[in-house]
Amino acid sequence: MCGIVGYTGHRKAYPVVLKGLKRLEYRGYDSSGVALLKDGQLNVYKKKGKVAELEEAMIGKDIDACIGIGHTRWATHGEPSDRNAHPHQSANGKYAMIHNGIIENYALIKQDLTNKGYTFTSDTDTEVLLNFIEDIQKNNNCSLEEAIRIALKRVTGAYCILIIEQDNPDTIIAARKGSPLVIGIGKGEHFLASDASPIIEYTKEVVYVNDYELAIVKPDELILKNLGNEKITPYITKLDMELAAIEKGGYDHFMIKEIFEQPSTIFDCLRGRLDAKEGYIKMSGVDDHIEQLVNANRILIIACGTSWHAGLAAEYIIEELCRIPVEVEYASEFRYRNPIIHKGDVIIAISQSGETADTIVALEKAKENGAFIFGVVNAVGSSIARISHAGAYTHAGPEIGVASTKAFTGQLAVLMMVALNIAKHKGSITTDRYSELLNELEQVPEKVAAILKDADQIKSIADKYKSATDFLFLGRGYNFPIALEGALKLKEISYIHAEGYPAAEMKHGPIALVDENLPVVFIATRDVYHEKIVSNMQEIKARKGKIISIITEGDTISPDLSNDYFSIPSTDELIAPILTVIPLQLLSYYVGIAKGVDVDKPRNLAKSVTVE
Ligand code: F6R
């Protein structure tokens with residue numbers, strides 16, 4: 001959470017920082033601010049609300065500086081307000097700092113500083129850390145760099161910080177632990193950001209800073225050190241990302257653009273890995289570690305939110321195809337339990353951003369216990385990708401809409417390929433079934449495209465039900481995780497209360513909610529559970545609930561039971577979730593739009609949950 005940007009070089013810093021903040025706004029949008037340094041003058045401007053409000057407030061201000069830092073905030077300590085917005089200035093006014101993360105022991109440090117006479121202008125942990133650094137610098141009469149190093153060794157929690165100093169006209173000092181930082185290398189200039197999106201239009205050469213590293217960044221020089229003050233050679237990576245990928249490209253919102261991109265993102269995910277005609281799946285991350293995967297005693301899947309739903313779908317698929325026991329864990333629970341991890345367990349970590357704090361810590365814990373970590377990650381070069389021993393990228397491209405859509409279908413496609421690959425090597429799948437599933441999987445992009453052609457039908461359904469106050473989503477088997485995902489999407493994007501259940505569980509409680517005002521979305525495609533779910537539809541109909549069903553083309557039974565229905569092309573039941581989720585993504589989008597919600601930046605959310 002929180003987006004940070006920095007620039008030092010020959011250009012004016014403000015336009016670079018502002019544009020960067022707009023690109024990073026998906027990470028938080030409670031308030032934003034910039035600090036600009038020119039001629040020994042350190043100016044800090046900040047504003048509650050979205051970046052556009054800061055931009056407005058900046059009209060007429062001195063924005064000529066060639067060094068600057070900027071921040072867009074997702075509030076942790078202190079309400080969203082001007083005074084809690086970053087950057088913060090140290091008590092002596094000499095330093096300005098932005099921070100993404102949480103300093104967990106800030107209260108103790110604050111108490112100590114207060115006893116020494118420090119006062120605070122905000123409620124943030126960031127201001128505490130900055131004054132802690134100032135205090136160390138004064139007491140030790142050392143450089144700012146040294147003071148930062150000492151302070152960071154004493155704090156617990158997560159941070160990515162950028163600091164500029166009044167008396168140091170061209171230097172940004174940055175450090176990270178647990179929150180991401182990328183440095184773009186230009187000619188006589190450097191760019192710093194939480195991800196590469198603010199950087200790609202200027203340079204494709206970047207350095208991903210690692211935990212416990214500190215960067216001293218000047219226009220012509222990048223020095224990387226560890227907290228022990230030893231120099232580290234920066235590892236320069238080439239960005240494989242185009243500017244168009246992070247722009248709306250004619251769509252009204254990133255979310256709808258990303259929903260409509262799915263035929264090509266799924267195609268990209270399968271490309272070069274799956275060949276149905278030749279009958280193989282090639283994934284180096286799997287092939288290179290096949291013994292470990294095939295001989296796993298157990299697979300533990302660790303993730304959060306939508307990625308957790310992909311994990312739940314994978315549990316059903318892997319157990320069916322590979323006959324390996326699977327458990328799916330919320331990262332936030334796993335990290336605080338005392339989980340039993342055996343030698344021979346394989347952990348599959350699923351994450352779009354690759355920066356989710358709970359998932360990272362859970363993986364570190366599992367790694368310490370000797371587990372083998374396989375990452376299914378979208379953001380290339382992200383922390384989870386780097387923590388993993390092996391893995392497979394989802395190749396969905398940058399996902400900017402806060403609600404995850406194309407990354408989810410990418411996760412399902414990757415996990416399906418991983419399962420098929422393991423099953424083939426393990427001999428737990430017949431050759432015929434293997435080829436059948438390969439064929440079906442290869443057809444997914446065109447089937448998704450066919451669903452999207454009928455998006456207007458979903459729009460009409462959304463208009464009809466937009467005023468409902470509650471929704472129920474029901475599915476069975478492979479489509480149960482999709483019921484959970486449909487409910488989560490609707491909650492996030494429309495603020496309508498929604499719950500997902502296995503359809504049969506309905507009778508154990510949720511059925512009490514059913515009346516003529518309750519829309520119940522059934523994911524009722526043709527599979528082994530079809531007759532059962534039809535019975536569940538009868539039960540809802542008998543209680544006058546409004547039935548919206550997602551059905552397989554040609555189904556003649558479900559339409560009669562439904563108030564509204566949407567047909568999807570027929571596919572294998574194991575692959576159906578990649579198709580059935582698409583109309584549910586569209587439903588949440590269109591309901592959100594009809595209700596006037598800012599769907600790309602719904603309230604209280606942030607794209608990348610880098611705090612626990
Ligand atoms: C929902 C959504 C979140 C994320 C969750 C995990 O639309 O996007 O629930 O899925 O925060 O994030 P990643 O996948 O980045 O670890």
- Task: Treat every Asp and Glu Cβ in the stretch 3-245 as -1 and every Lys and Arg Cβ as +1, leave all other atoms uncharged, and give the resulting dipole magnitude about the Cα centre to the nearest 20 debye.
- Result: 80
- Item | F260 - accessible surface, heavy atoms, 1.4 Å probe, Å² rounded to 10 | 60
- Note on the structure: For the stretch 306-318, in residue order, the Karplus 3J(HN,Hα) values (coefficients 6.51, -1.76, 1.60; θ = phi - 60°; whole Hz; Gly and Pro = x) are 4, 5, 5, 4, 4, x, 5, 4, 5, 4, 4, 6, 5
- Using the Cα gyration tensor of the stretch 73-180, with a ≥ b ≥ c the square roots of its eigenvalues, what is the shape: rounded (a/c below 1.5), prolate (a/b larger than b/c) or oblate (neither)? rounded
- Over the chain: helical MRE at 222 nm, DSSP H runs n ≥ 4 each giving -39500 (n - 2.57), nearest 500: -11000 deg cm²/dmol
- Query: Computed FRET efficiency, Cβ-Cβ of N338 and I557, R0 51 Å: what is it to the nearest 0.05?
  - Reply: 0.55
- Per-selection metrics, the stretch 3-245 (Cα): Rg and Dmax in Å: 16.4, 52
- Quick one: ranking W308, W74 by accessible area, 1.4 Å probe, largest first, what do you get? W74, W308
- Item | For the chain, accessible area per residue (1.4 Å probe, heavy atoms of protein chains only), Å² | 38
- Separation of the I59 and R298 label points, Cα + 7 Å toward Cβ, nm: 6.2
- Item | Two-decimal Rg to Rh for the chain - Kirkwood Rh, Cα set | 1.00
- Query: Please identify the trypsin sites (Lys or Arg not before Pro) of the stretch 529-558 that satisfy two criteria: DSSP loop assignment and at most 13 other Cβ atoms within 10 Å. Which are they?
  - Reply: K544
- Under the definition of Cα pairs under 8 Å and six or more residues apart, what whole-number percent is the relative contact order of the stretch 453-612? 29
- Message: I'd like the carbon and sulfur percentage of the solvent accessible area for the chain, probe radius 1.4 Å, heavy atoms only, ligands and nucleic acids excluded.
- Response: 48
- Task: Note down the relative contact order for the chain as a percent, whole number, built from C-alpha pairs under 8 angstrom at least six residues apart.
- Result: 12
- Message: If I model the stretch 250-442 as equal point scatterers sitting on the Cα atoms and use the Debye formula, what is log10 I(q)/I(0) at q = 0.08, 0.19 Å⁻¹?
- Response: -0.24, -1.32
- Query: So how do D252, D555, D195, D62 rank on accessible area, 1.4 Å probe, biggest first, that is with the largest at the start?
  - Reply: D252, D62, D195, D555
- Taking amide H positions as placed 1.01 Å from N in the peptide plane, with prolines and chain starts having none, which residues 5 or more places from V521, or on another chain, fall under 5 Å of its amide H? L472, F473, L474, I548
- Query: What trypsin sites (Lys or Arg not before Pro) does the stretch 235-280 have in DSSP loop regions with at most 10 other beta carbons within 10 Å?
  - Reply: K277
- Message: Tell me whether the stretch 422-515 comes out rounded, prolate or oblate; compute the Cα gyration tensor, take square roots of the eigenvalues as a ≥ b ≥ c, and use a/c under 1.5 as the rounded threshold.
- Response: oblate
- Item | Dipole of the chain, positive direction: furthest Cα of L441, Y202, T156, with charges on the beta-carbon | T156
- Task: Would you mind calculating the relative contact order of the stretch 250-442 from Cα pairs under 8 angstrom and at least 6 residues apart, reporting the percent as a whole number?
- Result: 29
- Which listed residue (V376, Q411, I387) has the Cα farthest towards the positive end of the charge dipole for the stretch 355-463, taking +1 on Lys and Arg C-beta and -1 on Asp and Glu C-beta about the Cα centre? I387
- Within the set of other residues whose C-beta is less than 14 Å from the C-beta of T556, count the net charge using Lys and Arg as +1 and Asp and Glu as -1. -3
- Message: Let me cross-check C304: its accessible surface, 1.4 Å probe, with only protein heavy atoms counted, in Å² to the nearest 10?
- Response: 40
- Query: Among the DSSP beta bridges whose two residues both lie in the chain, what percent are antiparallel, rounded to the nearest 5?
  - Reply: 60
- Note on the structure: Summed over the other residues with a beta carbon less than 14 angstrom from that of A524, with K and R at +1 and D and E at -1, the charge totals -4
- Nearby aspartates and glutamates by direct alpha-carbon distance to K257 (threshold 12 angstrom, same-chain neighbours under 8 apart not counted): E247, E399, D600
- Message: For a Förster distance of 51 Å, can you work out the FRET efficiency between the beta-carbons of A52 and N226, rounded to the nearest 0.05?
- Response: 0.85
- Task: Run the dipole for the stretch 273-409 about the Cα centre, Lys and Arg Cβ at +1, Asp and Glu Cβ at -1, nothing else charged, and hand back the magnitude in debye, nearest 20.
- Result: 120
- Just report the Cα centroid separation between the stretch 502-516 and the stretch 1-33, whole Å. 47
- Could you state how much accessible area K466 has, in square angstrom rounded to the nearest 10, with a 1.4 Å probe and all protein chains kept in place? 70
- Could you order R176, R323 so the one with the most accessible surface comes first? Probe is 1.4 Å. R323, R176
- Could you size up the charge dipole of the chain around its Cα centre, putting +1 on the beta carbon of Lys and Arg and -1 on that of Asp and Glu, and report it in debye to the nearest 20? 700
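The values are calculated or read from the model by the stated rules, or taken from the named source; none is laboratory data. Since the model is a prediction, treat every value here as computed from it, not as a measurement. All Cβ positions, glycine included, derive from the backbone under ideal geometry; neighbour counts span all protein chains shown. For the accessible areas, the whole protein counts, side chains as well, though only heavy atoms, and no ligand, DNA or RNA atoms are used. Shrake-Rupley method; radii C 1.70, N 1.55, O 1.52, S 1.80 Å.
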